[in-house]
1. Give me the strands (runs of 3 or more DSSP E) completely within region 89-131, filtered to those with at least 2 residues that are under 15 Å from Val77 (Cα atoms), ordered by residue number.
2. Report yes if some residue within region 207-227 is crowded, with 18+ Cβ neighbours inside 10 Å and closer than 19 Å to Val48 by Cβ; otherwise report no.
3. Which is at pLDDT 95 or above and open to solvent by 10 Å² or more (accessible area, probe 1.4 Å), of Arg100, Arg78?
4. In region 319-341, is there at least one residue being open to solvent by 90 Å² or more (accessible area, probe 1.4 Å), modelled with pLDDT of 85 or more and at negative phi?
5. Right, Thr12: in a strand (DSSP E or B), under 27 Å from Thr167 (Cα atoms) and modelled with pLDDT under 95 or not?
6. Just checking, which of Leu292, Leu255 is surrounded by 18 or more Cβ atoms within 10 Å (Cβ to Cβ) and either charged (D, E, K, R) or modelled with pLDDT of 95 or more (or both)?
7. Among the residues of region 146-169, is there at least one that is buried (at least 21 other Cβ atoms within 10 Å of the Cβ) and in a strand (DSSP E or B)?
8. Which of (1) of a type in the set (Val, Ile, Thr); (2) surrounded by 21 or more Cβ atoms within 10 Å (Cβ to Cβ); (3) closer than 20 Å to Ala218 by Cβ does Ile133 not meet, given it meets every other one?
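The values are calculated or read from the model by the stated rules, or taken from the named source; none is laboratory data. Just so we're clear, the structure is a prediction, and the values are computed from it rather than from any experiment. Positions of Cβ are backbone-derived with ideal geometry, glycine not excepted, and every protein chain shown enters the neighbour counts. Just the protein is used for accessible areas: all its heavy atoms, side chains included, with ligands, DNA and RNA removed. Shrake-Rupley method; radii C 1.70, N 1.55, O 1.52, S 1.80 Å.
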Amino acid sequence: MPDRSGPGLTTTARPADSLQGGREKVTTGAKNTIKLPTKGITVGTWNVRTLHACGKIHELTHELDRYRWDIVGLCEVRWTGFGETCTDGEHKIWFSGDERKHQHGVAFIVRKDISSSVISCAPISSRLISIRISARPHKLTIIQAYAPTSGHDDEEVEEFYDQLEATIAKVPRKDLMIVQGDWNAKVGPDAYENWAGTVGRFGMGDTNDRGIRLLECAKSHFLTLVNTLHPHKWFRTVTWHSPNDQVHNQIDFILVPQRFKSSINKANTRTFPGADIGSDHDLVLTTIKLKLNSKYQKNSPRIRFDLKKLQDPEVVEIFKAQVGGKFAVLSVLDNDIDTLAGNIKEVLLTTADEVLGKQQKRSKPWVTTEVLDLCDKRRELRQ
């Protein structure tokens, strides 16, 4: 699989049958409980415009680390196929994209201390992906969506919503379900009169046809557009900006079941315009009162010795002498083959530890601090 964001990234690709489904689902399992702050878990959505460029992953994590976040759904990542990857900061990313072209694409980035709570992740298409999290009192299922833009015909839009409906139908009934993403739809305050309960009073602009289609889907599943429930300043409400910065719309929404509205921190459900990754969309976050379960993972028993020391002839001679002396003792003992094999292993490990020592982990960042400083300067200039 091609390099997606430069060195320093470990990627595991997985097969994908088609964009209509049938892809392999990653299952990890999560059993044990971990403690989280009483503030709950913070999830969000962000159209990053592209991650198919060197350094974009580092830029993404650099921006997210300025905020409190746990799971963020991503749109328009432009990666091909389905797979998972790990950032230098050990955050996990699951992604689903087109099989051939670097277009569309959706993904989840999960913070490193939350990734062990992931039960499974399933791709649906280059516009839909879902992830399931072990939590209490309800497990959490998040569906990330990237709806067709206004340039696509109604038939393609209906196909997208048919896939979305089928994905929602597979979510266990007891799960807390979140459906979020870039909907390319406008839902304004004018919709509240006819869609009360599905949308709040604090949308932006005038509702268009794609907005009505989104409201129909939300109402049929008893969902609420939670980033329309609380009044905010306009720059904390808009999610998209035109290239000339003359037009601003709210087209990215987070949908939550109506029966879980009390679990949402409405005041903190808003746009964060300070996050800048060179996209025309802003980051949207919300906080939910949940406690996660986590899978306990033991430390790997594998020991990495500093084998570079064996390039020194003096070290090689010392190693041979110590191993030879210890083997001489073993040769006079009358042991069975299993005991002898265990003793030989012990001799090699102890000698390597004494002479070579353990290998020190060294990592060279792909993106330098100077580049990240320029990212910060770009954000300041944008403001």
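1. Where strands (runs of 3 or more DSSP E) fall fully within region 89-131 and carry at least 2 residues being under 15 Å from Val77 (Cα atoms), they are 92-96, 106-110.
2. The answer is yes, given that some residue of region 207-227 is crowded, with 18+ Cβ neighbours inside 10 Å and closer than 19 Å to Val48 by Cβ.
3. Checking each option against the conditions leaves just Arg78.
4. Yes, region 319-341 has at least one match.
5. Against the criterion (in a strand (DSSP E or B), under 27 Å from Thr167 (Cα atoms) and modelled with pLDDT under 95), Thr12 qualifies.
6. Leu255
7. The answer is yes; a qualifying residue exists.
8. Here Ile133 meets the rest and fails (3).
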